[in-house]
Amino acid sequence: MSAPPVLEVRGLTKRFRGLVALDGVDFAVPEGAICGLIGPNGAGKSTLFNLVTGFLPPSEGEIRFRGAPVTGWSPQQAGRSGIARAFQIARPFPGLTVRQNVRIGALFGRSGPRDVEGATDSALALLGIEDLADRPAEGLTVGHLRRLEVARALAARPLLLLADEPCAGLNPAETDAMIAALRRIRDGGVTIWLVEHDMRAVMGVCDRILVIAAGRAIAEGTPGEVAADPAVIAAYLGA
Ligand code: ADP
Ligand code: MG
């Protein structure tokens, strides 16, 4: 029997008062894949990640992690079970160093207490920010801040990393470096689900992509399938 998907969502729906932010979304993230989640602003991408990581309860639908139902779990349970999230808006503790911020990720993840320093060092190295380890998190460039945020999530030694726009605000060279880091993270055994607006980056790195617009799944498939889908083209051109 083949392994269940690392993550599966079925009929996932989230209503905020009158607004339906997510409407019956289905998707499966296979183990070892880099999957993409794309869609226009306000489509519901961050909300989907909020539901999966237990930051918000779904209104309807089901979430399964490694085959087991986890709908309604807490962020702490999600973190200890192996889901880590790099936030769209990184908010490191400004008074702490880069290393101290990354270590916080290790403390709240799957790493036991004995592994905290090892997990911290390996996350700093994977993101190429060892040289910045002793600098204050305050005053980092956007590029370094994004890498710190992914390193903090990675230090939890997750099985699944949800990365919410890790390339936002990066120039093309920095974007390429981040995508290369995500590939290294995946090659190290971490499944990834990525929100990203840079189509070149998304199409180049993802195995499968879910496209949502106004809370609904409008397409799903390989990058080639999704890019050729008339519904996707219409959503992006506003047709
Ligand atoms: P995306 O990440 O795709 O840009 P979001 O998931 O952030 O979109 O938002 C989807 C919709 O849900 C938007 O209309 C947004 O204003 C709304 N929304 C998101 N979070 C909340 C919340 N906590 N309360 C009320 N509305 C929300
Ligand atoms: Mg968002």
Non-local residues with an amide H under 5 Å from the amide H of residue 88, with H modelled 1.01 Å from N and Pro and chain starts lacking one, are 164
The alpha-carbon center of region 29-98 and that of region 167-239 are separated, in whole Å, by 17
Semi-axes (Å, rounded, descending) of the ellipsoid equivalent to region 9-63 per its C-alpha gyration tensor are 19, 13, 10
Diffusion coefficient in µm²/s returned for the chain by Stokes-Einstein, Kirkwood Rh over C-alpha pairs, 37 °C and 0.692 mPa s, is 182
For residue 194, the residues 5 or more places away or on another chain with a placed amide H closer than 5 Å to its own amide H are 35, 36, 37, 163
Highest GNM mean-square fluctuation among 103, 146, 184, for the chain with Cα springs under 10 Å, belongs to 184
Helix 116-126 sits off the longest principal axis of the Cα atoms of the chain, rounded to the nearest 10 on a 0 to 90 degree scale, by 70
The whole-number value in µm²/s of the Stokes-Einstein translational diffusion coefficient for region 54-156, with Rh from the Kirkwood sum over alpha carbon pairs at 25 °C and 0.890 mPa s, is 171
With +1 on the Cβ of every Lys and Arg and -1 on the Cβ of every Asp and Glu, the dipole magnitude of the chain about its Cα centre, in debye rounded to the nearest 20, is 620
With x for Gly and Pro, the residue-by-residue ³J(HN,Hα) of region 142-150, computed from phi through the Karplus equation 6.51 cos²θ - 1.76 cosθ + 1.60 at θ = phi - 60° and given in whole Hz, is 4, x, 5, 4, 5, 5, 4, 5, 5
per DSSP, antiparallel bridges as share of beta bridges in the chain, % nearest 5, sits at 55
With -39,500 (n - 2.57) per DSSP H segment of 4 or more residues and division by the full residue count of the chain, the 222 nm estimate, nearest 500 deg cm²/dmol, is -10000 deg cm²/dmol
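Read-outs throughout are calculated quantities, based only on the coordinates presented, and are distinct from any laboratory measurement. Keep in mind that this is a model prediction, so the values were computed, not measured. Because the Cβ atoms are built from the backbone with ideal geometry, glycine has one as well, and the counts that use them run over all protein chains shown.
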